[in-house]
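Where a number appears in this text, it was derived from the coordinates with a stated rule and is not lab data. The model shown is predicted, which means the values in this text are computed figures rather than measured ones.
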Amino acid sequence: MHEDCAFTYRLQFFQAIPYLVQFTIPKRDALMMYNVDPTKLYEGPEFEEYCISEGKYLPASRDRTPCITCPLFTLCQPGFEEQVRRIQEGENPSLTEGCAFPEGSLEPANLFAGLTQEQIDFVKSKVPILND
């Protein structure tokens with residue numbers, strides 16, 4: 001992936017974070033036909049998701065136990081669950097495809113809205129271009 005495209009994707013991912021936080025999936029286990037528990041391997045249809053910590057796309061079926069201690073886990077886990085839900089419904093699992101972002105929303109200052117200081121520091125350590 002071209003560096004500019006990868007950067008744009010990272011920015012789009014961060015912009016999608018407030019959207020991800022809004023997901024509420026009642027009785028998750030009852031609604032999911034595929035496992036979304038990060039302590040167990042996902043065995044549903046394969047898809048890739050972007051990992052900020054690793055700085056690349058990773059397969060959904062990977063060992064996700066390291067995610068549990070990641071500062072972004074509380075944001076990424078609902079996103080993973082939403083991607084699995086979309087796959088179950090026969091939809092595209094992408095959380096950013098077809099998204100339109102309001103002007104200025106991808107500016108670094110706006111990307112951190114709603115994140116804790118620990119999450120902001122973590123993101124800045126992984127995506128240095130976002131440092132002040």
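Normalising the Debye intensity of the stretch 34-104 to I(0), with uniform scatterers on Cα atoms only, and taking log10 at q = 0.14 Å⁻¹ returns -0.44.
Compared with the direct C-alpha span, the chain from S125 to N110 gains 3.7 nm at full extension, assuming 0.36 nm per residue. Quote the relative contact order of the stretch 36-108 in percent (integer), defining contacts as alpha-carbon pairs under 8 Å separated by 6+ residues. The normalised contact order for the stretch 36-108 reaches 25 percent.
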